[in-house]
Amino acid sequence: MNTENLEEKIIQFIASKVEDVDPATIDRSSTFETLGLDSMDRVQLLFDAEEIFDVTFDDDEAVKKFTCVGDIVDYISKTQSEEKPAEEE
Amino acid sequence: MRIVVTGMGVISSIGTSVEQFWHSAVNGKSGISKITCFDASGHRSQIAGEIADFDPKSFLSNKQIEQTDRFTQLALFAANEALNDCGDLGSYNAHRLAVCLGSGMGGFSTFESSASRKLQNKSVPPFTVPRTMANSAAAWIATQHALKGVNLTCSTACSSAANAIGMALDLMRTGKADAVVTGGVEACVLPLTISGFEALHALSTGFNDDPEHASRPFSTGRDGFVMGEGAGILVLENEEAAIKRGATIYAQLTGYGCTCDAAHIVAPDMDGQIAAMQAAINDANIAPNAVDYINAHATSTPLGDVVETNAIKQLFGDHAYKLAVSATKSMIGHTIGASAALGSIATIKALQTGTIHPTANLNEPDPECDLDYVPNKAQQRKIKTALCNAFGFGGNNATLVYTTP
């Protein structure tokens, strides 16, 4: 999956998780706060993202610093690109 | 102090409103069918009283659904009806509005699915604990309706709702609340609970191809209870305050008695049941022969129905043959921690309408069960005082007394 497609898919996924927010307004810079996601919502969001995007948010330090949609996109892209060489072996 | 019922709400396999539930109950309609929520083909008991058309999306957001177990969703559905039915409670201080709910198993569906993930070394959903905890339903009712007073959950297996309603009565009498949203809920038509009750040989297994006739309290051929799910909610208030705000009064809750057999963890005990009914009658300050109707616990187990019959006969003497007894479970199965809440609503409707719903599937009574169980056809009878019985694992016995307002 290229980065643009991935970003689109993650935004679509996040849009399905928020309430009272116009999905068209969500982009990389949208913060969890503006999306109305409290700390427990973020935990649930990442749990669901693990299933959908086949990723594990096990880098606690990095996850703690997440503030916006772009942070999740970057983490998933990075994890997936790191895994690729292994898959090709 | 007179404590009255001013609101009611129901979700059950025979109706998703009080009116629908009562209409079905009066007509002896069965809510028992083949289990559809999981593949039960490998189970000995393959039937249940499921709420087939329940859609939480009709009243909860995606996020709320994600954070709640089915038992909480059912409780919220019934609480919405009850709180809409009782009218505006805005005249009370929110810190004096209480919730007191019963549930035997709590969020067992969440427990089962999360445990299954854990055993497969998968991560566990973050809302596992707040969905599973027994007080989740009571907490959500409070949150949705800004009920900021006492918030309690009672878990005494199959008598949970009766104990919860009794505790709600105590909260009112002791001045700890001005109104209480009370009742019971259960949602455990699940592989693990069905297996667990099967292992105890407590469930009906001989009617998998004839589900509607499986729950047959007091009848010959009964072979165990049928699992059911649902919720029943009542709103209790002080009569004077209820009249002042113009509420409709359905019935008075006049007595509550409860005992523990202290004998066996699952077997019923006649003496404990008699003592609970006697305590409730004493609490209501009435004579036993004032009782016109008993909404029996009557789960359709071979032993339980005989023990309850004998308890009624022992306590009421000749009067046992004059009063009416009927079993709501003959139609909806055993809703465990919700059963006495649904039974209470059936009792209150009987007081209100002068119609006693029948015990379904009672063509040939067990010779050891020889009372008037209102077989198969509703009975018109002017009644003033009624009991609702609930007996649970752990040896818990609880009886509530309702009277016309």
- Whole-Hz Karplus ³J(HN,Hα) for segment B:176-182, in order, using 6.51 cos²θ - 1.76 cosθ + 1.60 and θ = phi - 60°, x for Gly and Pro? 8, 7, 9, 8, 10, 8, 9
- Suppose every K and R has +1 on its Cβ and every D and E has -1 on its Cβ; what is the size of the dipole of the protein assembly as shown about the Cα centre, in Debye to the nearest 20? 2220
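Treat every Asp and Glu Cβ in segment B:253-403 as -1 and every Lys and Arg Cβ as +1, leave all other atoms uncharged, and give the resulting dipole magnitude about the Cα centre to the nearest 20 debye. Walk me through the numbers before you get to the answer.
Numbers: 8 positive and 13 negative charges, 139 e Å.
Using only the charged Cβ atoms, the result is roughly 660 debye.
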- Message: Can you tell me which lysines have their Cα less than 17 Å from the Cα of A:Lys17? Leave out same-chain residues fewer than eight positions away.
- Response: A:Lys9, B:Lys57, B:Lys63
- Task: Pull up all non-local amide H partners of B:Thr220: gap of 5 or more, or a different chain, and H-to-H distance under 5 Å with H placed in the peptide plane.
- Result: B:Glu364, B:Asp366
- Which stretch or stretches of segment B:106-138 have amide N atoms under 17 Å from the point lying 7 Å from A:Ile52's Cα along the Cα→Cβ direction? B:125-127
- Karplus-derived HN-Hα couplings along segment B:309-314 (A = 6.51, B = -1.76, C = 1.60, θ = phi - 60°), whole Hz, x at Gly and Pro: 4, 5, 5, 5, 5, 5
- How much length is gained if the chain between B:Thr248 and B:Arg381 is pulled fully straight, taking 0.36 nm per residue apart and subtracting their Cα-Cα distance, in nm to one decimal? 45.6 nm
- Message: Under a Cβ-only charge scheme (Lys and Arg +1, Asp and Glu -1), can you give me the dipole magnitude of chain B about the Cα centre, in debye to the nearest 20?
- Response: 920
- Amide H neighbours of B:Ile383 under 5 Å, at least 5 residues apart or on other chains, H built in the peptide plane: list them. B:Gly354
- So, in nm, how far is label B:Asp39 from label B:Val124 when the simple model puts each one 7 Å beyond its Cα toward the Cβ? 2.7
- Hey, what do the phi angles of segment B:226-238 turn into as Karplus ³J(HN,Hα) couplings, whole Hz, using 6.51/-1.76/1.60 and θ = phi - 60°, x for Gly and Pro? 10, 5, x, 9, x, 8, x, 10, 10, 10, 9, 9, 6
- Message: Under the rule of at least 5 residues apart or a separate chain, name every residue whose amide H is placed under 5 Å from the amide H of B:Asp372.
- Response: B:Val325
- Task: For segment B:34-175, state the semi-axes of the equivalent ellipsoid (square roots of 5 times the eigenvalues of the alpha-carbon gyration tensor), sorted largest first and rounded to whole angstrom.
- Result: 30, 17, 16
- Query: Taking only the alpha-carbon atoms of the protein assembly as shown, what semi-axes of the equivalent ellipsoid follow from 5 times the gyration tensor eigenvalues under a square root, in whole Å, largest first?
  - Reply: 46, 26, 18
- Once every DSSP H run of n ≥ 4 in chain A is given -39500 (n - 2.57) and the sum is divided by its residues, what mean residue ellipticity at 222 nm do you get, rounded to the nearest 500 deg cm²/dmol? -19000 deg cm²/dmol
- Taking B:Glu239, B:Glu364, A:Glu82 and counting other beta carbon atoms within 10 angstrom, the fewest-first order is A:Glu82, B:Glu364, B:Glu239
- Task: Provide the FRET efficiency to the nearest 0.05 for the B:Val266-B:Gln314 pair, computing r from the beta carbons and using R0 = 25 Å.
- Result: 0.70
- Residue separation between B:Ser61 and B:Glu239 times 0.36 nm, minus their alpha-carbon distance, gives in nm 60.5 nm
- Beta bridges per DSSP with both ends in chain B, % antiparallel, nearest 5: 65
- Take every DSSP beta bridge with both residues inside segment B:253-403 and express the antiparallel ones as a percent of the total, to the nearest 5. 70
- Message: With a 10 Å cut-off between alpha carbons and a GNM built on chain B, which of B:Thr128, B:Thr156, B:Thr182 moves the most?
- Response: B:Thr128
- Using every Cα-Cα pair within chain A, state what percent have a distance larger than 19 Å. 35
- Query: Under a GNM of chain A (C-alpha, springs under 10 Å), which listed residue has the highest mean-square fluctuation: A:Lys64, A:Lys17, A:Lys78?
  - Reply: A:Lys64
- Give me the percent of DSSP beta bridges within the protein assembly as shown that run antiparallel, rounded to the nearest 5. 65
- In vacuum, with every alpha carbon of segment B:152-201 counted as one equal point scatterer, what does the Debye formula give for log10 I(q)/I(0) at q = 0.16, 0.18, 0.20, 0.31 Å⁻¹? Two decimals, please. -0.56, -0.64, -0.71, -1.12
- Helical contribution to [θ] at 222 nm, DSSP H n ≥ 4, -39,500 (n - 2.57), averaged over chain B, rounded to 500: -10000 deg cm²/dmol
- Normalised contact order of segment A:3-88, rounded percent, pairs of Cα under 8 Å and 6 or more residues apart: 35
- Task: At 7 Å along the Cα-to-beta-carbon direction for both B:Ala199 and A:Lys9, put a label point, then send me their distance in nm to one decimal.
- Result: 4.1
- Report the semi-axes of the equivalent ellipsoid for segment B:253-403 in whole Å, largest first, where each axis is √(5λ) for an eigenvalue λ of the Cα gyration tensor. 20, 18, 15
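Bear in mind that the values in this text are calculations on the coordinates, not laboratory data. Because the structure is predicted, anything quoted here is derived from the model rather than measured. Methodologically, a virtual Cβ is constructed for each residue, glycine included, from the backbone with ideal geometry; neighbour enumeration extends over all protein chains shown.
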